[in-house]
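First comes the structure, then the notes that go with it.
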């Protein structure tokens, strides 16, 4: 504000100026946030990949997850029994990665396999 407000019309003009300034600043903030999001895409991708190594997928079927865990334990015991560090760190990491692979690849297949299909009489039946 460069001058003082002396009348109602001055007040309305100042209000309009401030609203337009606010609109410009909101647009600038939105553009800055999009730029920041774009700059951090590689970092977020890396965090997502690291998360797959450190966290298990919890939406898997229990039977499939248990089977993959047992298979990984047996393979590690059979082939990597000599090194203590690999026996401690490799199995949990492999289990975490396999849970994500199973969820992304096997879960849609199992969903299609056991999808309910409506019969002509209106009763749902398993395929």
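Couple of notes before you dig in:
- Residue list for region 1-16, restricted to those being free of Cβ contacts under 8 Å to residues at least 12 places away in the same chain, part of a helix (DSSP H, G or I) and surrounded by 10 or more Cβ atoms within 10 Å (Cβ to Cβ): 10, 11, 12, 13, 15, 16
- Residues located in region 55-71, provided they are in a helix (DSSP H, G or I) and either surrounded by 10 or more Cβ atoms within 10 Å (Cβ to Cβ) or within 13 Å of the chain's Cα centre (by Cα) (or both): 64, 65, 66, 67, 68, 69, 70, 71
- Qualifying residue in region 82-101 (condition: part of a loop (DSSP other than H, G, I, E, B) and either in contact (Cβ under 8 Å) with a residue 60 or more places away in the chain or surrounded by 13 or more Cβ atoms within 10 Å (Cβ to Cβ) (or both)): no
Computed from the coordinates by the stated procedures, all read-outs in this text should not be read as laboratory data. Not measured: the values here are computed from a predicted model. In this analysis, Cβ positions are derived from the backbone assuming ideal geometry, glycine residues included, and neighbour counts consider all displayed protein chains.
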